[in-house]
Structure formats: C-alpha cells, structure tokens
Amino acid sequence: MINQVSTKLAEALELYRAIRLLFLAKFPRCKAGLNRCTYWATQIHHTKGRGLYLLVLETWIGVCHNCHERIEADPKRAKELGYSVDRLPDDVDLIGYKDIINLK
C-alpha cells in the first residue's frame with residue numbers, strides 16, 4: 001500500500017497542527033474583518049500558500065471561516081487587500097513566458 005503523504009510531510013503536518021493551536025490562542029481575532037466576519041480566528045490563512053511556507057509563521061494570518069472563504073474565492077481581491085501574495089520564493093529567477101514560447 002502506498003502512503004497518502006510522505007513521512008517528511010506527515011511530520012511537518014503534525015508540527016503544523018500543534019503550532020496552529022498556539023498561534024490561534026495567541027492571536028484569537030480575525031485579521032481580515034471582511035463582510036460577514038465572525039470576529040474569532042478559527043483558521044490559518046497562508047498568505048504565500050502552504051507548500052514551502054507551511055511552517056513559516058510570517059506568512060500566516062488568523063481568520064474566521066467566513067473571511068477565509070472570501071479570501072480563497074477571490075484571489076485577485078485578496079492580493080489587493082494584502083491577504084495573499086505571490087507564492088513563488090523571492091529568490092526564484094524566472095524566464096518570462098514569452099521567452100519560453102520563443103525557445104527552439
């Protein structure tokens with residue numbers, strides 16, 4: 001049988017669950033405060049996505065369920081409001097898509 005997640009990811013998720021509870025206890029108020037906000041943070045929104053930044057606290061904000069739903073439903077607006085940022089590492093040097101198309 002194949003594991004659903006790697007051992008490394010399983011360990012990271014276990015650590016995440018523990019830190020998440022501490023984070024929400026320390027920062028109990030929703031940081032988004034969007035329409036229909038329920039005031040209390042019950043979820044973590046990862047401003048740069050979970051992947052590489054799963055355990056990077058600087059990319060976390062505590063949000064209520066309603067605000068998290070709104071942030072995820074409208075990524076463009078979330079970026080405008082500062083709740084989401086580009087998910088690529090700052091040190092990644094990318095070739096523009098036009099350059100890729102012209103490669104032969």
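The values are calculated or read from the model by the stated rules, or taken from the named source; none is laboratory data. This one's a predicted model, so the numbers in the text were calculated from it and none came from an experiment. For neighbour counting, all protein chains shown are included, and Cβ atoms are generated from backbone atoms with ideal geometry for every residue, glycine included. We work out accessible area using only protein heavy atoms, side chains counted, and drop any ligands, DNA or RNA first. Shrake-Rupley method; radii C 1.70, N 1.55, O 1.52, S 1.80 Å.
Tabulated values for the structure
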item	result
Rounded to whole Å, sorted largest first: equivalent-ellipsoid semi-axes of the stretch 38-78, Cα gyration tensor	17, 13, 7
Ranked order, Cys37, Cys30 - accessible area, probe 1.4 Å, largest first	Cys37, Cys30
Loop-located chymotrypsin sites (Phe, Trp or Tyr not before Pro) in the stretch 21-81, at most 12 other Cβ atoms within 10 Å (DSSP)	Tyr39
Accessible surface of the stretch 1-83 [probe 1.4 Å, protein heavy atoms]: carbon and sulfur percent	56 percent
Given charges at beta-carbon only (K, R positive; D, E negative), |dipole| of the stretch 2-48 in Debye	240 debye
HN-Hα J in Hz across the stretch 33-43 - Karplus 6.51, -1.76, 1.60, θ = phi - 60°, x for Gly and Pro	x, 7, 3, 6, 4, 9, 6, 8, 6, 10, 9
